[in-house]
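**Student:** My questions will all concern the structure given below.
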Amino acid sequence: MVTVLPITTFSQKVSKKKIKKANIHYQNADKYFENEQFDEAEKEIDKAIELNTNKLSYHILKFDCIFSKKEFKKGFLYLDKIKKQFTTNPDVYILRGTIFEAFRDYKSAIKELKEGLKYVKKEKDKIYFYTNLGAYYSYLRRFKESESYLKKALELDPKNINVLNNLATTLADLHKKNEAIEIFKKILEIDSMYFPAYTNIGFILQEKEEHKEAIIYFSKSIQINSKEPLSYSNRSYSLLQIGKIEDALKDINISLELYSTNPYAYRNRALIYIQQGKINEACKDIQIGLELGFTKSYGGELINLQKEHCIKK
């Protein structure tokens, strides 16, 4: 989190007695919130705000109560109120960006963080903004802008693993695969147990059709985290490509046990079944993958497989 800046608008002098009493109500509200008693929590936090309206944390807890009750329209109105009162506090824009992200409104999230950057005084405190702007642009598949912000973040903290990982992923999407691999390897120099780096190197090698090397990296990821479904799924595909069909089937079944709603895993198992001549089983997996949204995320490959193998001519 960035350092909270002084509040310059709507600030009111509050006596020490009121501050103390307000904090008690805040603590009560927080306990109610942890117990998911959101109505009681909101009543307590309202009492705290009435005594001391200058604490951003009080308003954030009230907002959390409203959203936890799924009163989204009321929540967004209160979010606007918070912004009006604490205009120069960058944490407000972080909160608003996070909420828009949750609703997958990445354009609005970007707008909030760009506005919030104006109020961050210390350069080192801009890293959160740059990192999340990089992520939001990546979600919009605007990878050059993503790369630009992530490199700004990296200048502030060259060994930040999250930033390095996001940058490497973005570079891979920009088809700068060798540069991406080098950054993933740099991550492993910092933390050799960071399994996503092994998975991502394996995936890039897989795209380059270097399947034997890819299998080595997927296996390292699985060795560190045996519950990581994507490594099993990706290793399965590479095993299939080098003719190890039974091993591929074993891996993909483990992957689906761990993550049963992954449409890409059904695609991978369908390809195995097709190789085995089990067309009925393949068609069932193709259909499940389509129902889980494969086409929207990955394109028309499953539709083409369905036409080729499952629709009688």
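Read-outs throughout are calculated quantities, based only on the coordinates presented, and are distinct from any laboratory measurement. It should be emphasised that the depicted structure is a prediction, and the values quoted were computed from it without experimental measurement. Every residue, glycine as well, gets a Cβ built from its backbone with ideal geometry; the counts of neighbours run over all protein chains shown.
**Student:** Within segment 165-207, track down each residue that is within 19 Å of the chain's Cα centre (by Cα) and among the polar types (S, T, N, Q).
**Tutor:** Asn165, Asn166, Thr169, Thr170, Thr199, Asn200, listed by residue number.
Per-residue answers, yes or no, for (1) touching a Lys or Arg at 6+ places or on another chain (Cβ under 8 Å); (2) acidic (Asp, Glu); (3) within 21 Å of His211 (Cβ to Cβ):
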{"residue": "Glu246", "(1), (2), (3)": "no, yes, yes"}
{"residue": "Ser255", "(1), (2), (3)": "no, no, yes"}
{"residue": "Asn262", "(1), (2), (3)": "no, no, yes"}
{"residue": "Lys278", "(1), (2), (3)": "no, no, no"}
{"residue": "Ile286", "(1), (2), (3)": "yes, no, no"}
{"residue": "Leu290", "(1), (2), (3)": "no, no, no"}
{"residue": "Gly293", "(1), (2), (3)": "no, no, no"}
{"residue": "Ser297", "(1), (2), (3)": "no, no, no"}
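**Student:** Which of the residues spanning segment 242-273 are of a type outside the set (Phe, Trp, Tyr) and within 23 Å of the chain's Cα centre (by Cα)?
**Tutor:** Once the filter is applied, which keeps residues that are of a type outside the set (Phe, Trp, Tyr) and within 23 Å of the chain's Cα centre (by Cα), segment 242-273 yields Ser255, Leu256, Glu257, Leu258, Ser260, Thr261, Asn262, Pro263, Ala265.
**Student:** For residues that are in contact with a Leu (Cβ under 7 Å, 6 or more places away or on another chain) and more than 22 Å from Lys152 (Cα to Cα), scanning just segment 71-90, find the one that is surrounded by the fewest Cβ atoms within 10 Å (Cβ to Cβ).
**Tutor:** Filtering first and then ranking leaves Thr88.
**Student:** Just to be sure, is Glu210 over 30 Å from Cys310 (Cβ atoms) and either without any contact (Cβ under 8 Å) to a residue 40 or more places away in the chain or among the aliphatic types (A, V, I, L, M) (or both)? I'd like the intermediate steps shown before the answer.
**Tutor:** Details: over 30 Å from Cys310 (Cβ atoms): yes; either without any contact (Cβ under 8 Å) to a residue 40 or more places away in the chain or among the aliphatic types (A, V, I, L, M) (or both): yes.
Criteria met by Glu210.
**Student:** Does segment 290-302 contain any residue that is within 30 Å of Asn162 (Cβ to Cβ), without any contact (Cβ under 8 Å) to a residue 24 or more places away in the chain and not in a loop (DSSP other than H, G, I, E, B)? If you could, list the steps in order and put the result at the bottom.
**Tutor:** Keep residues of segment 290-302 that are within 30 Å of Asn162 (Cβ to Cβ), which gives 292-294, 296-299.
Next, from what is left, pick out any that are without any contact (Cβ under 8 Å) to a residue 24 or more places away in the chain: 296, 299.
Cutting the leftovers down to not in a loop (DSSP other than H, G, I, E, B) gives us 296.
Yes, the conditions are met somewhere in segment 290-302.
**Student:** Glu123 passes all but one of (1) touching a Gly at 6+ places or on another chain (Cβ under 6 Å); (2) farther than 29 Å from Phe76 by Cα; which number fails?
**Tutor:** All conditions are met except number (1).
**Student:** Could you run through segment 225-241 and say how many residues are crowded, with 17+ Cβ neighbours inside 10 Å, more than 22 Å from Ile288 (Cα to Cα) and either under 24 Å from the mean Cα position of the chain (by Cα) or touching a residue at least 60 places away in the same chain (Cβ under 8 Å) (or both)?
**Tutor:** The qualifying residues number 0.
**Student:** Take the residues of segment 208-224 that are over 18 Å from Ile161 (Cα atoms) and either assigned to a loop (DSSP other than H, G, I, E, B) or of a type in the set (A, V, I, L, M) (or both): which is nearest to the chain's Cα centre (by Cα)?
**Tutor:** Looking at residues that are over 18 Å from Ile161 (Cα atoms) and either assigned to a loop (DSSP other than H, G, I, E, B) or of a type in the set (A, V, I, L, M) (or both), I get Ile222.
**Student:** Let me ask something additional. Hey, among Tyr93, Tyr119, Tyr149, which residue is crowded, with 19+ Cβ neighbours inside 10 Å, of a type in the set (Ser, Thr, Tyr) and farther than 30 Å from Phe38 by Cα?
**Tutor:** The match here is Tyr149.
**Student:** Now, a different point. Looking at segment 104-127, I want the residues that are without any contact (Cβ under 8 Å) to a residue 60 or more places away in the chain and have a partner that is of a type in the set (D, E, K, R) and buried (at least 18 other Cβ atoms within 10 Å of the Cβ) with Cβ atoms under 7 Å, at least 6 apart or on another chain. Which pairs are those?
**Tutor:** Correct list of pairs: Ala109/Glu101; Glu112/Arg96; Leu117/Lys126.
**Student:** Here is a check on your reading of the model: is Gly300 on the phi > 0 side of the Ramachandran plot and among the small types (Gly, Ala, Ser)?
**Tutor:** no
**Student:** Then there's this: When you check Ser221 against the structure, is it out of contact with any Phe, Trp or Tyr (no Cβ under 7 Å at 6 or more places or on another chain), crowded, with 21+ Cβ neighbours inside 10 Å and among the polar types (S, T, N, Q), yes or no?
**Tutor:** no
**Student:** Additional query: Is segment 46-56 home to any residue that is under 25 Å from the mean Cα position of the chain (by Cα) and either among the β-branched types (Val, Ile, Thr) or surrounded by fewer than 18 Cβ atoms within 10 Å (Cβ to Cβ) (or both)?
**Tutor:** Checking segment 46-56: not a single residue is under 25 Å from the mean Cα position of the chain (by Cα) and either among the β-branched types (Val, Ile, Thr) or surrounded by fewer than 18 Cβ atoms within 10 Å (Cβ to Cβ) (or both).
**Student:** Looking for whichever is farther than 26 Å from Lys122 by Cα and in contact (Cβ under 8 Å) with a residue 24 or more places away in the chain here; the options are Phe86, Phe63. Which one fits?
**Tutor:** Numbers: Phe86 fails: farther than 26 Å from Lys122 by Cα.
Result: Phe63 is the single residue among Phe86, Phe63 that is farther than 26 Å from Lys122 by Cα and in contact (Cβ under 8 Å) with a residue 24 or more places away in the chain.
**Student:** Do you know which residues across segment 151-167 are over 16 Å from Lys124 (Cα atoms) and touching a Leu at 6+ places or on another chain (Cβ under 9 Å)?
**Tutor:** Passing the criteria: Leu164, Asn166, Leu167.
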